[in-house]
Number of protein chains: 2
Amino acid sequence: MQKTSAAPVKFTHVQCGDCPIRHRAVCARCETDELVRLEETKYYRSFEAGQTIVWSGDRMDFVGSVVTGIATLTQTMEDGRRQMVGLLLPSDFVGRPGRETAAYDVVATTDLVMCCFRKKPFEELMVQTPHVGQRLLEMTLDELDAAREWMLLLGRKTAREKIASLIAIIARRDASLKMQKSEGRVIVDLPLTREAMSEYLGLTLETVSRQISALRKDGIIEIEGKRHITIPDFDRLIEEAGDDSDGGFLV
Amino acid sequence: MQKTSAAPVKFTHVQCGDCPIRHRAVCARCETDELVRLEETKYYRSFEAGQTIVWSGDRMDFVGSVVTGIATLTQTMEDGRRQMVGLLLPSDFVGRPGRETAAYDVVATTDLVMCCFRKKPFEELMVQTPHVGQRLLEMTLDELDAAREWMLLLGRKTAREKIASLIAIIARRDASLKMQKSEGRVIVDLPLTREAMSEYLGLTLETVSRQISALRKDGIIEIEGKRHITIPDFDRLIEEAGDDSDGGFLV
DNA sequence: GCATCGGGTTGATTTAGGTCAAGGCTCGCG
DNA sequence: CGCGAGCCTTGACCTAAATCAACCCGATGC
């Protein structure tokens, strides 16, 4: 099962600044003049950990991408049950062209910097420059694959498998960015509270805590503090995750 | 929470044949010469109920859309646990441009006709005619929304709520196509076996059966045979589904 | 120094849904 | 006509995870 696109996009545009929307997220193959037009409507926004960026149903007149930090998309039922439906790491895109209200709560789970564009100009740009739309399609298809992997997790995995999967997912995303892996031994800092993990996994936070303890007791993971995890044998973790495929290299 | 795009696409192209990929799925706003080019690579395929169209990991050199019948996308774990991750009704698109192997099992759950295009020419067409790509982006975004609604269902809803939600989803898709609704009273034919429902909902088929019986006893639904359901009060069903939003008009 | 608070752990108990098992209904076929 | 296969239902029992509750630990504030 292949999760990544056949031909991975190369980010060769060298005049990029620090804004991922230019060099990673959207404008991977864009031309200089398009960059300039995009640039004109660009602005940055910072949020503190815990802050809600938009509430479900609110007007949302921008799109953007995460520069640093982590955000989540969450759905809430009337009685307060919550399910995370999106985990946004740096370079991930937020917002849907063609929709003017947010469909989910968007929350900063760590301190966060986003790079935003007003929606109108962005949509106009999309019409004028097909590359942007094509890149967005690729990203959306990747997200859809991730969502489907997530559905398997939610529908069929045990609590232990869910925890192992989540750690693996974060480790892989981390590793693919930072390459902190050395022959099977992997180190991760969980960027989520136990509660956020429980919302990701469709569990209670007590169960999350218990299963993390269980994995520690069984030597699958080692823990320092609350969040710092080292995985002595990554393949063993993957076994615990019960993944059929390569586990989805995309979150 | 808004599930449909702000400006719903209008299907005004009148020379359409019976192929949904032309008039509904992809070429909503296309020009005649594009249609012609697409037409050249088009072919139909029929499948019987229960037949597997592609296996996860198999080479898949076509994309297409469902004309009549129902297909599903399913993921399987090594030990046989299965989770449905896509339900494809007429006009839904199958396949991912840019990927040459299938990521999921695609199964015909009823007799099925698909309209297919060889992938290469389709991809070339996509590059040449932005409208096709844009339409595909819209469809993919809709699917992503549906997947996220589905995640809430899998992660947080009770068995009873899951069943009620599924019936509501099918009824709405049905109704939006066939308009067989009369003041709150709705009639649906479930196009899925109990087993398929259980794979959709992350339950066992026994639980599905029990909860359907429970909803019948409580007068939420009435059943004739195994599959024919009438919903005397649709709003009451929605209450049982525990939906926060409008419930996602998209499957 | 002490109180408080957010995040985390652990234990005791309950329960929703899974598992195992028996049987029913319908349809096609020898 | 009787038989078996699919599909579905129902019952008895079991277990994984939820619930309820106590408590730990480190940071922050007064």
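The values are calculated or read from the model by the stated rules, or taken from the named source; none is laboratory data. Values in this document were obtained by computation on a predicted structure and should not be read as measured data. Here the Cβ positions follow ideal geometry from the backbone for every residue, glycine too, while neighbour counts run over all protein chains shown. Accessible surface areas use protein heavy atoms only, side chains included; no ligands, DNA or RNA. Shrake-Rupley method; radii C 1.70, N 1.55, O 1.52, S 1.80 Å.
Taking the stated definitions as given, is B:Arg148 more than 16 Å from DNA strand C (Cβ to nearest atom), modelled with pLDDT under 90 and of a type in the set (Lys, Arg)?
no
Of the residues that sit in region A:206-224 and are open to solvent by 50 Å² or more (accessible area, probe 1.4 Å) and touching an Asp or Glu at 6+ places or on another chain (Cβ under 9 Å), which one is farthest from DNA strand C (Cβ to nearest atom)?
Looking at residues that are open to solvent by 50 Å² or more (accessible area, probe 1.4 Å) and touching an Asp or Glu at 6+ places or on another chain (Cβ under 9 Å), I get A:Asp218.
Can A:Arg135 be described as in a helix (DSSP H, G or I), outside the structural domain of A:Glu40 (by TED's automatic domain parsing), of a type in the set (Lys, Arg) and under 19 Å from the mean Cα position of the chain (by Cα)?
Judged against the criteria, A:Arg135 is not a match.
Would you mind telling me which numbered condition in (1) at the interface with chain B (Cβ under 7 Å from one of its Cβ atoms); (2) buried (at least 21 other Cβ atoms within 10 Å of the Cβ); (3) touching a helix residue (DSSP H, G or I) at 6+ places or on another chain (Cβ under 9 Å) A:Asp145 fails?
Only one criterion in (1) at the interface with chain B (Cβ under 7 Å from one of its Cβ atoms); (2) buried (at least 21 other Cβ atoms within 10 Å of the Cβ); (3) touching a helix residue (DSSP H, G or I) at 6+ places or on another chain (Cβ under 9 Å) is unmet by A:Asp145, namely (3).
Which condition number does B:Pro130 fail, the rest of (1) open to solvent by 30 Å² or more (accessible area, probe 1.4 Å); (2) of a type outside the set (Ser, Thr, Tyr); (3) under 25 Å from A:Ala241 (Cα atoms); (4) at the interface with chain A (Cβ under 8 Å from one of its Cβ atoms) being met?
Result: B:Pro130 fails condition (3) only.
Any idea how many residues of region A:103-121 are more than 8 Å from chain B (Cβ to nearest Cβ) and without any contact (Cβ under 8 Å) to a residue 60 or more places away in the chain?
Within region A:103-121, residues that are more than 8 Å from chain B (Cβ to nearest Cβ) and without any contact (Cβ under 8 Å) to a residue 60 or more places away in the chain number 5.
Please determine whether any residue of region A:85-98 is touching a residue at least 12 places away in the same chain (Cβ under 8 Å), within 7 Å of chain B (Cβ to nearest Cβ) and open to solvent by 20 Å² or more (accessible area, probe 1.4 Å).
Scanning region A:85-98 turns up at least one residue that is touching a residue at least 12 places away in the same chain (Cβ under 8 Å), within 7 Å of chain B (Cβ to nearest Cβ) and open to solvent by 20 Å² or more (accessible area, probe 1.4 Å).
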